[in-house]
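Remarks on the structure that follows.
The values are calculated or read from the model by the stated rules, or taken from the named source; none is laboratory data. Everything numeric here is computed off the predicted structure, so don't read it as measured data. In this analysis, Cβ positions are derived from the backbone assuming ideal geometry, glycine residues included, and neighbour counts consider all displayed protein chains.
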Amino acid sequence: MSGRTRRVWTLQPSRFAALSRGHARLAWVALLVLLLASLTALAVPSLTGPGEGAVRTADRMTDIGLYERVVAGMKGGDSYYIAASDAMRAGAYPLHPFLTMRLPALAALQAAIPGWASVALLLALAALTAFAWASRVGVALAGLLPRAVMMMLLAASMLAFLQPGLVLFHEIWAGLLVALSLALRRPGRAMEAIALGLAAMLIRETAALYVLVMLAFAWREDRRGEALGWAVALLLFGGVLALHAHAVASVTGPLDPASPGWAAFNGPGFFLSALVASTGFQALPLALSAILVTLALVGWASWDDSLGLRMFALLVAYGTVIALFARLDNFYWALMVAPAALVGLVFVPDALADLWHRALDRRRITVTTVGP
């Protein structure tokens, strides 16, 4: 490289610093297209403000009442599947297919301990997750200002996860476990991450997508031992899911209502608006917040670290699933990747500086001859 860009906030060059001039210019075009595409979030019905979306949000929040009723039934002596099926029928919830009923792990835990202990456990998990991410990202940053900005972005990302009123919500726990698993995973040390990934799947089955992403990375990097660990976790989860399906079938019948399905095709704008609604960015105008979330994805892609690339892939994977399959009242799926999503913005200044430098690179090769 002829000359080097001055680091803005990070200690090392971004992944974009290695691009050729042609690829850097293509990257600028792609970035502009992505930013324009992010504005499709404006076409999605509001998830937090006035209108139909707000009604759907209010309806979704009655799920907390459902979970409260299930836990109360278990504390009264009912088995999980009896308590859950009774509560779902009382709330006119669909009972087919079996995935409409949550796995029993979280309800069993909360039925076994006092409510205050459940809240304390959630806050402890959130604090541990925040510490793990601050430690991993902080070492890549230069100076107090970028670290302070990183902490503010982390707080904005984790806003929903610090609310005791959501302690019964499965995505809150599973999202934190996924985030902690990703932050703790290091080359040659993946056992803790795999265990946390399995725990996340046992609370919310959609965490299986995270495990699949991690398995793909381990296989691609020829880390066969780690890949085997993720595969075993998936097999164990598959066995639990089969037992869950059998148990649900034992308490349901053909007259129980069925789900309308998950093929809504709401598009990438819905994923962006769902992620915004799951973080502190919901206080900003939607156009601005959608652009910032898109830039956060670019920031994760630019960080020249295995964690950055995995986080980017995870956001793309969940974004694709949400864009294709989530209904409007499934916006809370974005909680699965929300805990650290916005932190990617801290890498954007250096990423854009490197892209600018590489796109304007005017190096020339000069051939000289030396002779008589």
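Scoring P349 on the criteria (1) touching a helix residue (DSSP H, G or I) at 6+ places or on another chain (Cβ under 8 Å); (2) in a helix (DSSP H, G or I) leaves a single failure, condition (1). Candidates V232, V178, V211: the one that is over 25 Å from A334 (Cα atoms), modelled with pLDDT of 95 or more and either among the aliphatic types (A, V, I, L, M) or not in a helix (DSSP H, G or I) (or both) is V232. Entry remark, region 337-346: residues being touching a Phe, Trp or Tyr at 6+ places or on another chain (Cβ under 6 Å) and either without any contact (Cβ under 8 Å) to a residue 24 or more places away in the chain or in a helix (DSSP H, G or I) (or both) number 1 in total. Residue under question is V346, and the condition is that it be closer than 21 Å to W133 by Cβ, in contact with a strand residue (DSSP E or B) (Cβ under 7 Å, 6 or more places away or on another chain) and β-branched (V, I, T); does it hold? Spelling it out, V346 is indeed closer than 21 Å to W133 by Cβ, in contact with a strand residue (DSSP E or B) (Cβ under 7 Å, 6 or more places away or on another chain) and β-branched (V, I, T). In region 102-126, the qualifying residues are those that are free of Cβ contacts under 8 Å to residues at least 40 places away in the same chain and either in contact with a Phe, Trp or Tyr (Cβ under 7 Å, 6 or more places away or on another chain) or surrounded by 14 or more Cβ atoms within 10 Å (Cβ to Cβ) (or both), and the one that is nearest to L176 (Cα to Cα) is L121.
Counting residues in region 339-354 that are in contact with an Asp or Glu (Cβ under 8 Å, 6 or more places away or on another chain) and modelled with pLDDT of 95 or more gives zero. Taken over region 332-351, residues that are under 17 Å from F281 (Cα atoms) and not aliphatic (A, V, I, L, M) amount to 4.
Please verify whether W133 is closer than 19 Å to S306 by Cα and either among the hydroxyl-bearing types (S, T, Y) or buried (at least 21 other Cβ atoms within 10 Å of the Cβ) (or both), treating the condition exactly as stated. Can you show your working first?
Values: closer than 19 Å to S306 by Cα: yes; either among the hydroxyl-bearing types (S, T, Y) or buried (at least 21 other Cβ atoms within 10 Å of the Cβ) (or both): yes.
When the stated conditions are applied, W133 passes them.
Applying the condition of being more than 22 Å from W262 (Cβ to Cβ) and in a helix (DSSP H, G or I) to region 78-104 and asking which residue is modelled with the lowest pLDDT yields A90. Taken over region 272-324, the criterion of being in contact (Cβ under 8 Å) with a residue 24 or more places away in the chain, assigned to a loop (DSSP other than H, G, I, E, B) and either surrounded by fewer than 24 Cβ atoms within 10 Å (Cβ to Cβ) or touching a Pro at 6+ places or on another chain (Cβ under 7 Å) (or both) is satisfied by D304, D305.
Checking T10, T5, T57 one by one, the residue that is surrounded by 15 or more Cβ atoms within 10 Å (Cβ to Cβ), modelled with pLDDT under 95 and more than 25 Å from the chain's Cα centre (by Cα) is T5 and no other. For K75, the criteria (1) at pLDDT below 95; (2) within 23 Å of I172 (Cα to Cα); (3) exposed (fewer than 15 other Cβ atoms within 10 Å of the Cβ) hold in every case but one, which is (1).
Among residues of region 173-185 that are free of Cβ contacts under 8 Å to residues at least 60 places away in the same chain and farther than 12 Å from R310 by Cα, those with a Cβ under 8 angstrom from a residue that is among the polar types (S, T, N, Q) and crowded, with 24+ Cβ neighbours inside 10 Å, sequence gap 6+ or separate chain, pair up as L180/T129. Residue pairs whose Cβ atoms lie under 6 Å apart, sitting 6 or more positions apart in sequence or on different chains, and linking a residue in region 238-260 that is in a helix (DSSP H, G or I) to a partner that is surrounded by 12 or more Cβ atoms within 10 Å (Cβ to Cβ), are H244/L103; A245/F98; A247/Y81; V248/F98; V248/M101; V251/Y81; V251/S85.
Annotation note: of N330, N266, the sole residue that is assigned to a helix (DSSP H, G or I), in contact (Cβ under 8 Å) with a residue 60 or more places away in the chain and not hydrophobic (A, V, I, L, M, F, W, C) is N330. Applying the criterion of being of a type in the set (A, V, I, L, M) and surrounded by fewer than 21 Cβ atoms within 10 Å (Cβ to Cβ) to the residues of region 185-197, the residue that is farthest from F331 (Cα to Cα) is M191.
None of A195, A134 is outside any strand (DSSP E or B), touching a Leu at 6+ places or on another chain (Cβ under 7 Å) and over 23 Å from M74 (Cβ atoms) except A134.
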